[in-house]
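Note sheet for the following structure.
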Amino acid sequence: MSETVNIAEEIKGRADIVDHIGRVVKLRKRGVLWEGLCPFHGEKTPSFKVYDDSQHFHCYGCGASGDVINFYMKYYNLNFVEAATRLADELNIDWKPGGRHESESRKKEYYAINREAAMFYHRALRAAGNPGYAYLSERGIAGDTMTAFGLGYAVGGAGGLCGHLADRGVSLEKAAEMTLLVKDGAGYKDRYYKRVMFPLMSVTGMVVGFSARTIDPHEKEKHIAKYINSSESDIFHKKDNLYAINRTKDSISAADRTAILVEGQMDVVSVWQHGVTNVTASLGTALTEGQARLLKRFADRVVLAYDMDESGRDAATKGGMILRSAGLDVKVVSLPSGKDPDEFIRAKGRDAFLEQAESAAPFLEYRLSRILDGYDMGRKEGAVAFLREAAGVVAGMSPVERDYYVKWLEQVTGISASAIEEEAVIRGASDSGRDRGVSASHVDYGSDVPGGAARRYGADASGADTAADDPAWAVAALDIQRGLIGLLVHDPAFLPDLRGRERQFTSPALARIFLAVAEAVEGASDAGGPMGDVSALLDPVDAEALRNVIEGVFIEEDPARQLGNYLARLDEKELKDRRARVVKTRAGLLALDDLDRESIGQLTAEIDEIEKELAETLTRERG
């Protein structure tokens, strides 16, 4: 496999063609595809189609067609290497033409070793009397299903993988780098012993690693790890992969772009075997932002079907927030009797499982209900404490969600809607930032490209300021604004860097508070003394919000770097909104019969200039 083929596969495996094309073409959702006016010829009726599931585009007017690399080549007038370099930079893939021969050769060898190991493990599983086969059969897994997922068994010892690879002339050192083997004195031995093997595949079907499950019935008493996974490597990044996504992605797209997300590999295999094939799982860890972005390529809706023990409920809450920030609609299944999806579907069957999925609770309702369960609403202290925590969640909602759930909370708790709204204003100054447990300067708030937020939430990518229409950015913007206020209070010397930034605030209340703090800093500077009491410049509600900001904002070890990241985030959003407006104007000109090529050229040059400014802004963020 050549270097260019490798980089092309890596780019296509990580890029979302709809997001990339949506940066320069206004796209609208039409069933399972997206359409817009072709950027390669003038037209008034859209004939340009972009397909999420196959990650390609096609214009039925002029015939332009291809993948994301082909689009960049044609739209930006680039050759393959230039287009691949630009995309690799946008996707944070470390690639320089001609500079990765050794790395690409190593990856090719790793893929080949993993494939050989997967085939060896599978042949071992299908051998007569294999204990792994017996274990899976007892769990209700049919032989055809074992083959479909490439399941295997690690014998270990004399008849294990190490000897097989040695006989085939495979580098045992490289196999150890894939954590298939471990050092044993001067030689090597199998890492996995008496375990069922689940091959982990990339979205393009390459074997990137393994998850190995013990079949020892006394695993707890012997303190044996239930699962052992491959370590991180050049080809395996657990945070960016989902189990069996290569096999189930088409079913997810076909199921009205709805994915059922479970916790474990056995859940996926069992649910799939029962005919529910739009299913996938995180790789034995808490869901990550990379996994959410990958899932967003094939799904618009996610049904979380986790175990409903305490850890499973925690995972559902954290995973749901990450999925929502990626622009996905999320619901949560609460399976009865504490069963996991594998146990439930084996006991009750496919139809009962689908009924549970159909009746899943919207994520925000699930989250608020879970908070409610933690308080005694019969006591005043419990009701007040619940209101404060719930209001922090309400503060991070979009306006439509907020209106609905304030009324829902009023019905469920008997607390008036006005009290909930007022508490949300106050708690919004600090709680929602703490709720995610991370610093806003390091959160990935999802795609803000033209069309990105609009298509995620069913709106028209008009090119106007999208902050109000994108809940992910709305929450992020509030965190950044609180952070700027907190940093200015922490170090008044930041004031020169912050002058005029109130124009980028999306919250009038936080803008008022920011200006009051800036005024107090200016007054202290003029007087040559310490900053006075800012609360005196504010009404009681804003004063309470300021106190919550000061208590809730996390000041990092390097505040100047934190400030730079906040400002870069705001500049990035402003540039993307500006780019959206220019793209919209350019699209309007392209739709005219009499093309104004000079104006189109000027707008194209302006888009390129914005792209350069964006690249510089992103460099500031990463720095």
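The values are calculated or read from the model by the stated rules, or taken from the named source; none is laboratory data. Just so we're clear, the structure is a prediction, and the values are computed from it rather than from any experiment. Virtual Cβ from ideal backbone geometry, glycine too; neighbours counted across all protein chains shown. Surface areas here come from the heavy atoms of the whole protein model, side chains and all, with no ligands, DNA or RNA. Shrake-Rupley method; radii C 1.70, N 1.55, O 1.52, S 1.80 Å.
Some notes on this structure:
- Test: residue in region 277-289 that is charged (D, E, K, R), modelled with pLDDT of 90 or more and within 20 Å of K318 (Cα to Cα): no
- The listed residue being within 17 Å of G483 (Cα to Cα), aliphatic (A, V, I, L, M), buried (at least 18 other Cβ atoms within 10 Å of the Cβ) and modelled with pLDDT of 90 or more, out of L546, L510, L498: L498
- Hits in region 513-529 - residues which are farther than 19 Å from F554 by Cα and surrounded by 17 or more Cβ atoms within 10 Å (Cβ to Cβ): A516, A518, A520, V521
- Sub-6 Å Cβ pairs linking a first residue in region 387-412 that is buried (at least 23 other Cβ atoms within 10 Å of the Cβ) to a second residue that is polar (S, T, N, Q), at least 6 apart or interchain, are G392/S432; A395/S432; G396/S432, ordered by first then second residue.
- Scope region 281-293; condition in contact with a strand residue (DSSP E or B) (Cβ under 8 Å, 6 or more places away or on another chain), open to solvent by less than 20 Å² (accessible area, probe 1.4 Å) and over 17 Å from V332 (Cα atoms); matching residues: L283
- Of all residues in region 318-356, those that are assigned to a helix (DSSP H, G or I), of a type outside the set (F, W, Y) and in contact with a helix residue (DSSP H, G or I) (Cβ under 6 Å, 6 or more places away or on another chain) total 7.
Results for (1) touching a Phe, Trp or Tyr at 6+ places or on another chain (Cβ under 9 Å); (2) free of Cβ contacts under 8 Å to residues at least 60 places away in the same chain; (3) surrounded by 18 or more Cβ atoms within 10 Å (Cβ to Cβ); (4) on the phi > 0 side of the Ramachandran plot, shown as yes or no for each residue.
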position: L295; (1), (2), (3), (4): no, yes, yes, no
position: E310; (1), (2), (3), (4): no, yes, no, no
position: G320; (1), (2), (3), (4): yes, yes, yes, no
position: P336; (1), (2), (3), (4): yes, yes, no, no
position: F344; (1), (2), (3), (4): yes, yes, yes, no
position: F353; (1), (2), (3), (4): yes, no, yes, no
position: S359; (1), (2), (3), (4): no, yes, no, no
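- The residue that is farthest from S47 (Cα to Cα), among those in region 576-594 that are under 24 Å from the mean Cα position of the chain (by Cα) and crowded, with 19+ Cβ neighbours inside 10 Å, is K576.
- Residue within region 479-494 that is modelled with pLDDT of 80 or more, surrounded by fewer than 19 Cβ atoms within 10 Å (Cβ to Cβ) and charged (D, E, K, R) present: yes
- Residue match in region 190-205 (condition: touching a residue at least 24 places away in the same chain (Cβ under 8 Å) and within 21 Å of A305 (Cα to Cα)): yes
- Here G132, G160, G143, G150 are screened, and the one residue that is more than 37 Å from the chain's Cα centre (by Cα) and surrounded by 12 or more Cβ atoms within 10 Å (Cβ to Cβ) is G160.
- Pairs, first among the β-branched types (V, I, T) in region 138-157, second open to solvent by 10 Å² or more (accessible area, probe 1.4 Å), C-beta under 7 Å, six or more apart: I141/Q273; T145/Q273; V155/A124
- Qualifying residue in region 241-256 (condition: open to solvent by 20 Å² or more (accessible area, probe 1.4 Å) and at positive phi): yes
- Looking only at region 163-185, residues that are more than 32 Å from the chain's Cα centre (by Cα), under 22 Å from R106 (Cβ atoms) and among the small types (G, A, S) come to 3 in all.
- Meeting the requirement of 3 or more residues that are within 20 Å of L294 (Cβ to Cβ) and out of contact with any Ser or Thr (no Cβ under 9 Å at 6 or more places or on another chain), no strands (runs of 3 or more DSSP E) wholly within region 16-106 can be named.
- Residues that are farther than 27 Å from A255 by Cβ, within 28 Å of the chain's Cα centre (by Cα), part of a helix (DSSP H, G or I) and not charged (D, E, K, R), drawn from region 357-404: L368, I371, L372, A390, A391, G392, V393, V394, A395, P399
- Y75 among the hydroxyl-bearing types (S, T, Y) and in contact with a strand residue (DSSP E or B) (Cβ under 9 Å, 6 or more places away or on another chain): no
- Flag if R370 is closer than 30 Å to G264 by Cβ and open to solvent by 40 Å² or more (accessible area, probe 1.4 Å): yes
- Within region 158-185, restricting attention to residues that are in a helix (DSSP H, G or I), in contact (Cβ under 8 Å) with a residue 24 or more places away in the chain and of a type outside the set (G, A, S), the residue that is farthest from E116 (Cα to Cα) is E177.
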